[in-house]
1. With respect to the numbered conditions (1) under 18 Å from the mean Cα position of the chain (by Cα); (2) surrounded by fewer than 17 Cβ atoms within 10 Å (Cβ to Cβ), which one is the sole condition not fulfilled by A:Ser148?
2. Any idea which residue in segment B:17-35 is surrounded by the fewest Cβ atoms within 10 Å (Cβ to Cβ), counting only those that are in contact with a helix residue (DSSP H, G or I) (Cβ under 9 Å, 6 or more places away or on another chain) and modelled with pLDDT under 85?
3. Which ones in segment A:228-245 are open to solvent by less than 30 Å² (accessible area, probe 1.4 Å) and either touching a Leu at 6+ places or on another chain (Cβ under 9 Å) or facing chain B (nearest Cβ under 10 Å) (or both)?
4. If I ask for residues that are at pLDDT 90 or above and β-branched (Val, Ile, Thr), which ones from segment A:49-102 would you list?
5. Quick one: which residue in A:Ala121, A:Ala101 is in a helix (DSSP H, G or I) and within 21 Å of the chain's Cα centre (by Cα)?
6. Mind telling me which of the residues B:Gly88, B:Gly125 ends up being small (Gly, Ala, Ser), in a helix (DSSP H, G or I), open to solvent by less than 10 Å² (accessible area, probe 1.4 Å) and at pLDDT 85 or above?
7. If you go through segment A:253-265 one residue at a time, how many are facing chain B (nearest Cβ under 8 Å) and modelled with pLDDT of 85 or more?
Amino acid sequence: MGGHEHLMHEHRTGGAHPLPGGPLPTVLAVALLAVLAAGYLLLVRRAARRHPGRTWSRWRTASFLTGCALAAGALLPPLGAFAHGDFRGHMAQHLLIGMYAPLALVLGAPVTLLLRTLPPARARRLTGLLHSRPLRFLAHPVTALLLSTGSLAVLYGTPLYDVTAAHPALHWLVHTHFLLSGCLFAWVVAGPDPAPARPGVPARLVLLGVAVALHATFSQLLYGGFLIGVHAPVDQVRGGAQLMYYGGDIAELLLAGALVATWRPARGPHRRTAARLSPTESLSSP
Amino acid sequence: MATTGEVRAGPAPRSLRLPGIVLGVGLGGFVDGILLHQLLQWHHMLTSTNTDRIGLKYYSPHSVSGLEMNTVWDGIFHTVCWLAVLIGLALLYSRVTHGRRRVWTSRVLWGWILAGWGIFNLVEGLLDHQILGIHHVHGGPYQVWWDIGFLVLGALLLLGGWALQRGGRAFDPERGA
């Protein structure tokens, strides 16, 4: 730890705070995550009151709370401060925010929970929104892939990474982008929630394969120093690239696991034919 | 062991064998790749090419160019592992239409996955460590013993996995609901 501490101090300039933009944005972001978790718990209670016979899976609740905790853990001082001065810390932070937390959040099935607890009129509006053209475009596998994995090329292949190090606001914007695009990708590939025009399992396996290949290629390029955007000591870049390579693998294996655990049978007597958006157990429940 | 996932012996007892084995080969590769290559850094693909049997150039993991070559081959190995996992999942998907949750608690599937991991160790151990000699599990004076241990682990996984799937009643994917 001592060595890390040392590096951190080296990178800090003029007594700036080790957290990007000072402690305030971190406190706000963590508070926002806490509100998200609390909101989810409130909805779970409401769902239990509305549908006494149907229990909301504890696994989903645990998963969503884990997702909030992972994102908060990535931002809070031990890792948050380390990430500010060290590329390896930055990579660990982005793995948590962009891959692990999103998967856990998506497995919490927040959309299904909303559909189950919103008043019918609003739930119908939400379903309509899910079917809407902009959301169909956003949830197209290629869009999701470009926004999540593709943005890595922009961040590390252009001077953007260096710029974010100097501008806290941009830094927070990148964090937000990673969390949201990570959720989008995890939601399209897997997850219990309904998604517009989600392709079949074989297509999603191919999509995951492409994402894995891109992610691995980017980490190798970073390792070899071909992605020019990152200015950090060589051992930090290599350490970060290795973390990205193997940490990414484990996250993608988990995502593959989530895909098969939540896949819906393609055919059979239980298939509701019109249920492309399968508004799940939702609106018509007793 | 959970037996809830199994149903009475049906007409399709072997249907999980191929997907299970392919998935197991891929996952076994990941255990090797992540644990031995990365976390323990015991070996890379070509770390013993100074003593190999096919006359490859030596790529030291301690020089930049040597590490580069090792990284390229680790990358190829990585691709093979991922393809095995994804193809295994696709095969599983094509064979399981109902009872998809139960298939994951079926002894048959996990037995074949373990067997696949064992096959990975046996093939990797015999081909890369013994026949080609391009790397060893843990290079050094005791590398023979490490290599033997790797093969023994493979054999145990294969036998254990085979026994496990035999003990489980056949999972019939057509009998879902």
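The values are calculated or read from the model by the stated rules, or taken from the named source; none is laboratory data. Note that the structure is predicted; figures quoted are calculated from it, not measured. All Cβ positions, even for glycine, are placed from backbone atoms using ideal geometry, and neighbour counts span all protein chains on display. Accessible surface areas use protein heavy atoms only, side chains included; no ligands, DNA or RNA. Shrake-Rupley method; radii C 1.70, N 1.55, O 1.52, S 1.80 Å.
1. Failed condition: (2).
2. The extreme case among them is B:Ile34.
3. Those that are open to solvent by less than 30 Å² (accessible area, probe 1.4 Å) and either touching a Leu at 6+ places or on another chain (Cβ under 9 Å) or facing chain B (nearest Cβ under 10 Å) (or both): A:Gly229, A:Val230, A:Gln236, A:Val237, A:Gly240, A:Ala241, A:Met244, A:Tyr245.
4. Answer for segment A:49-102, where residues must be at pLDDT 90 or above and β-branched (Val, Ile, Thr): A:Thr61, A:Thr66, A:Ile97.
5. Working: A:Ala121 fails: within 21 Å of the chain's Cα centre (by Cα).
From the options A:Ala121, A:Ala101, the qualifying one is A:Ala101.
6. Working: B:Gly125 fails: at pLDDT 85 or above.
One residue alone meets the criteria, B:Gly88.
7. Here the count works out to 3.
Condition check ((1) at pLDDT 70 or above; (2) in contact with a helix residue (DSSP H, G or I) (Cβ under 8 Å, 6 or more places away or on another chain); (3) not acidic (Asp, Glu)) across all residues:
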position	(1), (2), (3)
A:Ile228	no, yes, yes
A:Asp235	yes, no, no
A:Arg276	no, no, yes
A:Ser285	no, yes, yes
